[in-house]
1. Can you give the angle from 0 to 90° between the axis of helix 49-72 and the longest principal axis of the chain, with both taken from C-alpha atoms, to the nearest 10?
2. Got a sec? Charge dipole of the chain, +1 on Cβ for Lys and Arg, -1 for Asp and Glu; which of VAL4, ALA69, VAL56 is way out at the positive end?
3. Debye sum, Cα scatterers, the chain, no solvent: what log₁₀ I/I(0) at q = 0.11, 0.14, 0.23 1/Å?
4. Of the trypsin sites (Lys or Arg not before Pro) in segment 6-36, which ones lie in a loop per DSSP and count no more than 16 other C-beta atoms within 10 Å?
5. What value, in deg cm²/dmol to 500, does the helix sum -39500 (n - 2.57) over DSSP H runs of n ≥ 4 give at 222 nm once divided by the residues of the chain?
6. Taking Cα pairs under 8 Å and at least six residues apart, what relative contact order does the chain come out at, in percent?
7. Leaving out ligands and nucleic acids, and using a 1.4 Å probe, what accessible area per residue does segment 12-86 come to in Å²?
8. Of HIS32, HIS53, HIS2, which has the most accessible area and how do the rest follow, probe 1.4 Å?
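The values are calculated or read from the model by the stated rules, or taken from the named source; none is laboratory data. Computed from a predicted structure; not experimentally measured. Cβ coordinates were reconstructed from backbone atoms using ideal geometry, including for glycine residues, and neighbour counts include every protein chain displayed. What goes into the accessible areas is simple: the full protein's heavy atoms, side chains included, and nothing from ligands, DNA or RNA. Shrake-Rupley method; radii C 1.70, N 1.55, O 1.52, S 1.80 Å.
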Amino acid sequence: MHAVVRDWRAAPLSNADRALCELAEKLTHRQHEMTPADLERLRARGFDDRAIHDAVHVIGYFAYITRVADALGVEPETFIEPWGGK
């Protein structure tokens with residue numbers, strides 16, 4: 001899991017997981033570039049419409065809540081160890 005956090009492109013991921021990471025990155029950073037082809041890539045990796053719907057909602061929620069936390073100056077919990085910290 002730490003390899004995904006450090007650099008998902010270099011992590012040993014399945015084609016399906018790699019497609020999800022590509023979607024998450026694009027939806028988070030370049031959402032205005034999303035096209036139906038992005039969803040077709042997921043379908044080609046075995047995702048049905050329900051799974052795609054759920055993935056988009058989870059990705060969108062994390063983007064939303066991160067922005068809310070950043071805007072309000074929420075500090076990370078000290079009892080949670082940072083990824084890759086050891």
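1. Here the helix axis deviates by roughly 30 degrees.
2. The listed residue farthest towards the positive side: VAL4.
3. Log-scaled intensity ratios, in q order: -0.38, -0.61, -1.22.
4. Numbers: sites: ARG6, ARG9, ARG18, LYS26, ARG30; in loops: ARG9, ARG30.
Sparse-neighbourhood loop trypsin sites (Lys or Arg not before Pro): ARG9, ARG30.
5. Values: 4 runs with 54 residues, N = 86.
Result for the chain: -20000 deg cm²/dmol, rounded to the nearest 500.
6. Working: 37 pairs, mean separation 27.4, N = 86.
Here the relative contact order equals 32 percent.
7. Values: 5840 Å² over 75 residues.
On a per-residue basis, segment 12-86 sits at 78 Å².
8. Values: HIS32 145, HIS53 100, HIS2 80 Å².
Listed by decreasing accessible area, they come as HIS32, HIS53, HIS2.
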